[in-house]
Amino acid sequence: MNHALRGGRLLAALAVTATLTAPSPVWAQESDDRAATDPTPENVAAFLDRRVPELLDEYQVPGAAVSVADSEGDLAIGGYGYADLEERVPVDAEETAFVSASVAKSLTATTALQLVDQGLLDLHTDVNEYLPDDVAVADTFPGRPVTLHDLLTHSAGFEDRFVGIISEDPRDTGTLHEYVRDNQPDRVRPPGRFATYSNYSFALTGFLVETASGRDFTEYAGEHLLDPLGMDHTAYAGPGDPQAREALNAASQYQWADGGPVPAPQRFGLNALPFGGFYTTAPDMARFMRAHLGGGTLDGSEILSRERSEAMFDRQFSARPDAFGVGYGTRESLAAGHRAVGHPGSIFGARAEYALLPEADLGIFVAANGDGDPPEGVRDLPRALIGELAAEFVPPAAPADDPVAADEDGEGGYAGTYVTTLTNDGNVEHVNSALNHVTVREEDDGSLTLSGPSAPSETWLPQGGGMFRSEDGANVLSFVVESGEAVALGFASDTTRTYARVPWYLAPATHGIVLLLGAALAAGAVLWPLSRLVPARLRRRGRAPSAPAAPRRARLLAGATAALVLGYAAGLLWWLSGVDVPYMLMLGFPAPLLLPPAIGVVATAGVLVLAAVAWARRWWSPTGRVHYTLVALGLTGFLAIAHHYNFVWNPLM
């Protein structure tokens, strides 16, 4: 372990309330009468030295770096574990840089707000006023232009676009101008509707910095942010940039596979740095946090006006005013029941997060070079450590309010399925809506039971006004209600994610049933063409004369179509099991893999026509005709779902 301590004032006068000054509630994880540990440098360092190695072992992560600071100085900076597992190179607390991905968004927001301070950008002006014509944002919602405020709060209304974020060759990334020009997502909702995490919004913010300043984004950020703060071991660069990795002494990254950490993909280029191409060290992030805890000033050097710095960490957008939301390049969350504001970052074997607890004058940064052991999805060491530090050194929050009585205010109507808005209707990324959803069931006592891959916990207790808290008090669930009907929900644990309610026929569970039934019905048809492999003399022995050619060919077409569709589905699943799916999607889903389902659609159309002909001409027995019709319907349903999730080639896509 490599450790550095720096002087800092005591936080003896901490006074953290249980609620925000805004009306949203903050839930304590549990009622606790203990006194917080005095956050002296010695106490914080001792806690880190004891707890971080335990967490590295528990999460199976090779190494981590941590900084804890207040507005007047660093409380503790520590490096733990290994920067390179194979070479047994330890993490150096001062020198080892960690890929910190989307933590960059807070620094990008800072550079944009600097230009707002200078009058070169305005938060509420149509961004097209600043952009060249080839990058102009489409006027999809007349009278509702996209502004810098919308971009910085993930509320511009862009659909998600994973494809095109990276390139296979780190030297082939192009310019920021080219990226924002060639990769603009569709606008699928008006600005200010929901917060939906948007990498493109921050790429466009970086380009606005370029157009307003007349400088390359990385040059501007270096001269006006990193250099004034003394962040000498921080840089905007891609995770696979070999020169940056060497110059910054970057830690290697590790993913979990085969029962342990293995090297993660690192030889790729990131096509837009402002949203996530970022390396930093624990001491450098301490300086960034101290600057914002100090109202935009560090050691007499002002990087941002107090007004803009405070605005970054104030709530600037929420789908409802009494719920947790997002700031400018930041998001609110809960840390041991207290309001925290910051930003996480993750990419292929790298996880980082920083959080300010403004009421406690405390900043925490944690970076790790491994995803960890994911028994039920990826576990996040930085988030866990931030919560533990807040629990140890910040006075306990007051206990959560008791649950209100069921339907006290005539509430209800929350049951249903809610799917993520972080999706793309135009390509295979649309499957994200099936993989990230929440199903809500209302109980007689007014509580809710949540299920599905995106449900952070199961039981939620009513607090009134369409708000619920998790049974352990660590999270808050808020519904967006319009015209008396719940239309969306969000969690305090991630305020940049919104889940929109969908009707039953768009629910992933419905689609799953259709796929299973379709596959089962189609499977029987595969036997028809196989029966043609039996020698003709055996098929004729003791049987009636062969059926006419047309019915035989109808069954052959149905069987071949079923074999194609089911074989494709099985082959696709087998192939996906052997590739890094996020990495593959970032490069782009291989278009040839969409052709077999397209052929299946054409063939299924023929099967449907032949099903009608079979009834008209009385082919086979009634049972045979019913069977054939069911096969046709099964194929239709299966391919309809495949088409819904864009797994069928479409020349118009």
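The rows are residues; the columns are (1) touching a helix residue (DSSP H, G or I) at 6+ places or on another chain (Cβ under 6 Å); (2) small (G, A, S).
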residue: P261; (1), (2): no, no
residue: P265; (1), (2): yes, no
residue: P274; (1), (2): yes, no
residue: F278; (1), (2): yes, no
residue: A282; (1), (2): no, yes
residue: T297; (1), (2): no, no
residue: E302; (1), (2): no, no
residue: S305; (1), (2): yes, yes
residue: S309; (1), (2): yes, yes
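Looking only at the range 438-451, decide whether some residue is of a type in the set (G, A, S) and within 26 Å of the chain's Cα centre (by Cα).
Quick first cut of the range 438-451, residues of a type in the set (G, A, S) only: 446-447, 451.
Next, only the ones that are within 26 Å of the chain's Cα centre (by Cα) stay: 451.
The answer is yes, given that some residue of the range 438-451 is of a type in the set (G, A, S) and within 26 Å of the chain's Cα centre (by Cα).
Which of the numbered conditions does E159 fail, given that it passes all the others? Conditions: (1) of a type outside the set (S, T, Y); (2) modelled with pLDDT of 95 or more; (3) surrounded by 18 or more Cβ atoms within 10 Å (Cβ to Cβ).
(2)
Just to be sure, is P190 modelled with pLDDT of 95 or more, out of contact with any Pro (no Cβ under 9 Å at 6 or more places or on another chain) and either in a helix (DSSP H, G or I) or more than 27 Å from L225 (Cβ to Cβ) (or both)? Let's see the steps before the verdict.
On the way: modelled with pLDDT of 95 or more: yes; out of contact with any Pro (no Cβ under 9 Å at 6 or more places or on another chain): yes; either in a helix (DSSP H, G or I) or more than 27 Å from L225 (Cβ to Cβ) (or both): yes.
It is true that P190 is modelled with pLDDT of 95 or more, out of contact with any Pro (no Cβ under 9 Å at 6 or more places or on another chain) and either in a helix (DSSP H, G or I) or more than 27 Å from L225 (Cβ to Cβ) (or both).
Run down G214, G192, G230 and say which single residue is closer than 22 Å to V326 by Cβ and small (G, A, S).
Among G214, G192, G230, only G192 is closer than 22 Å to V326 by Cβ and small (G, A, S).
Kindly indicate which of L113, L123 is crowded, with 23+ Cβ neighbours inside 10 Å, within 27 Å of the chain's Cα centre (by Cα) and farther than 27 Å from A350 by Cα.
L113
With respect to T140, is the statement that it is under 24 Å from M312 (Cβ atoms) and touching a residue at least 12 places away in the same chain (Cβ under 8 Å) true?
no
For the condition of a type in the set (K, R), farther than 26 Å from V487 by Cα, touching a residue at least 12 places away in the same chain (Cβ under 8 Å) and touching a Leu at 6+ places or on another chain (Cβ under 6 Å), what is the one hit in R351, R308? Give the steps one after another, and end with the answer.
Details: R351 fails: touching a Leu at 6+ places or on another chain (Cβ under 6 Å).
Going through R351, R308 in turn, just one is of a type in the set (K, R), farther than 26 Å from V487 by Cα, touching a residue at least 12 places away in the same chain (Cβ under 8 Å) and touching a Leu at 6+ places or on another chain (Cβ under 6 Å): R308.
Restricting to the range 456-492, name every residue that is of a type in the set (G, A, S), under 22 Å from N436 (Cβ atoms) and in contact with a Phe, Trp or Tyr (Cβ under 9 Å, 6 or more places away or on another chain).
Across the range 456-492, the qualifying residues are G466, S470, A474, S478, A486, A488, G490, A492.
Of all residues being surrounded by 12 or more Cβ atoms within 10 Å (Cβ to Cβ) and assigned to a loop (DSSP other than H, G, I, E, B) in the range 526-542, which is modelled with the lowest pLDDT? Just the residue, please.
In this case the residue turns out to be R532.
Here is a list of conditions, (1) touching a helix residue (DSSP H, G or I) at 6+ places or on another chain (Cβ under 9 Å); (2) crowded, with 23+ Cβ neighbours inside 10 Å; (3) within 23 Å of P261 (Cβ to Cβ), and L56 meets all of them except one; can you say which number that is?
It fails just one condition, (2).
Output the residue which, of all residues in the range 390-433 that are modelled with pLDDT of 90 or more and more than 30 Å from V366 (Cα to Cα), is surrounded by the most Cβ atoms within 10 Å (Cβ to Cβ).
Only one residue fits best here, namely Y418.
Which residue out of R290, R267 is touching a residue at least 24 places away in the same chain (Cβ under 8 Å) and either part of a helix (DSSP H, G or I) or small (G, A, S) (or both)?
R290
Spot the failing condition for A563; the list is (1) touching a residue at least 24 places away in the same chain (Cβ under 8 Å); (2) farther than 23 Å from A520 by Cβ; (3) within 37 Å of the chain's Cα centre (by Cα), and only one is missed.
(2)
So which residues in the range 451-480 are β-branched (V, I, T) and without any contact (Cβ under 8 Å) to a residue 60 or more places away in the chain, if there are any at all?
The answer is T459, and nothing else.
Please go through (1) surrounded by 15 or more Cβ atoms within 10 Å (Cβ to Cβ); (2) assigned to a loop (DSSP other than H, G, I, E, B) for G578 and return the number of the only condition it doesn't satisfy.
Here G578 meets the rest and fails (1).
Can you tell which of A488, A455 is at pLDDT 95 or above, within 20 Å of T421 (Cα to Cα) and not assigned by TED's automatic domain parsing to the domain that holds F194?
Being at pLDDT 95 or above, within 20 Å of T421 (Cα to Cα) and not assigned by TED's automatic domain parsing to the domain that holds F194 holds for just one of A488, A455, which is A488.
When the residues of the range 543-560 are narrowed to those that are without any contact (Cβ under 8 Å) to a residue 40 or more places away in the chain and surrounded by 15 or more Cβ atoms within 10 Å (Cβ to Cβ), which ends up farthest from V428 (Cα to Cα)?
R552
The values are calculated or read from the model by the stated rules, or taken from the named source; none is laboratory data. Being a predicted model, the structure only gives us computed values, none of them experimental. As a convention, Cβ positions derive from the backbone with ideal geometry for all residues, glycine included, and neighbour counts pool all protein chains shown.
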